[in-house]
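> The following block contains the structure, expressed as structure tokens.
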Amino acid sequence: MQEQALADDPTLLTYLYLLLNGWQTADINSNYQLDELKATRLLAALDRLKLIELQPHNKVRLLVARDIQWQQHGPVRRRYEQQVKMMFIDNSFSGPEHILRLDTAELSSASISILQRRLSQLSEQFAELAELDLATGHADKKGVGLMVALRPWVFDMVLAPPAKC
């Protein structure tokens, strides 16, 4: 029910996302030009969903982990996953704080397991850094995405027969 409500309402999902990233309600309302009535409705909806506890003066206490993981085949991922992946990867990755790498190789099952553990550790470190940076003001931070992926894959061009000259 929680995920479905968030999947059905992008504004509600965005509001929760910002709260999870340490934003104060006043900052969200100001930056996203939300009037008090709209903000209160969003906060009340998140409270009814038991995602936050709404406190006096629109203060909130999170009732979910900051690094929330959506259900693998749940409503949020079904609705937004493809769009988010495409929006994220559709970039030149040429800026000073950008990195994009695609490495391919043939690996044993043991090596794949090692890589899976290390990638999980990287994601955990990312979450730890985000938690540490909650105390840093929004003006001193940038939104950053980290996409971690590993799967069996062969570049289609490798499988295609050579072109006849």
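The values are calculated or read from the model by the stated rules, or taken from the named source; none is laboratory data. Remember, predicted model here, so these are calculated numbers, not experimental data. Glycine gets a Cβ as well: all are built from the backbone with ideal geometry, and neighbour counts include every protein chain shown. These accessible areas exclude ligands, DNA and RNA; they are computed on the full protein's heavy atoms, side chains included. Shrake-Rupley method; radii C 1.70, N 1.55, O 1.52, S 1.80 Å.
> Name every residue in the stretch 42-53 that is surrounded by 15 or more Cβ atoms within 10 Å (Cβ to Cβ) and either β-branched (Val, Ile, Thr) or out of contact with any strand residue (DSSP E or B) (no Cβ under 6 Å at 6 or more places or on another chain) (or both), in order of residue number.
Listed by number, the residues that qualify are 42, 45, 49, 51, 52.
> A further question on this structure: Can you name every residue in the stretch 5-40 that is surrounded by 14 or more Cβ atoms within 10 Å (Cβ to Cβ), over 24 Å from residue 127 (Cα atoms) and not hydrophobic (A, V, I, L, M, F, W, C)?
9, 29, 32, 38, 40
> Ok, one more. Being aliphatic (A, V, I, L, M), surrounded by 10 or more Cβ atoms within 10 Å (Cβ to Cβ) and either touching a Ser or Thr at 6+ places or on another chain (Cβ under 8 Å) or assigned to a helix (DSSP H, G or I) (or both) narrows it down to one of 115, 107, so name that one.
That would be 115, the only listed residue that is aliphatic (A, V, I, L, M), surrounded by 10 or more Cβ atoms within 10 Å (Cβ to Cβ) and either touching a Ser or Thr at 6+ places or on another chain (Cβ under 8 Å) or assigned to a helix (DSSP H, G or I) (or both).
> Mind listing just one residue for me: the one in the stretch 71-88 that is open to solvent by 80 Å² or more (accessible area, probe 1.4 Å) and part of a loop (DSSP other than H, G, I, E, B) and, of those, nearest to residue 2 (Cα to Cα)?
Looking at the filtered set, the residue picked out is 71.
> How about the stretch 30-70: which of its residues are of a type in the set (Val, Ile, Thr) and modelled with pLDDT of 95 or more?
40, 52, 60, 64
> Going by what's in this entry, would residue 128 be described as in a helix (DSSP H, G or I), among the charged types (D, E, K, R) and either within 26 Å of residue 8 (Cα to Cα) or open to solvent by 70 Å² or more (accessible area, probe 1.4 Å) (or both)?
yes
> Suppose the filter is open to solvent by 100 Å² or more (accessible area, probe 1.4 Å), in a loop (DSSP other than H, G, I, E, B) and farther than 20 Å from residue 21 by Cβ; does residue 100 pass it?
Yes, satisfied.
> Could you say which residue among 122, 134 is open to solvent by less than 80 Å² (accessible area, probe 1.4 Å) and either modelled with pLDDT under 95 or in contact with a His (Cβ under 7 Å, 6 or more places away or on another chain) (or both)?
One residue alone meets the criteria, 134.
> Any idea how many residues of the stretch 54-70 are open to solvent by less than 80 Å² (accessible area, probe 1.4 Å), over 26 Å from residue 145 (Cβ atoms) and touching a strand residue (DSSP E or B) at 6+ places or on another chain (Cβ under 9 Å)?
2
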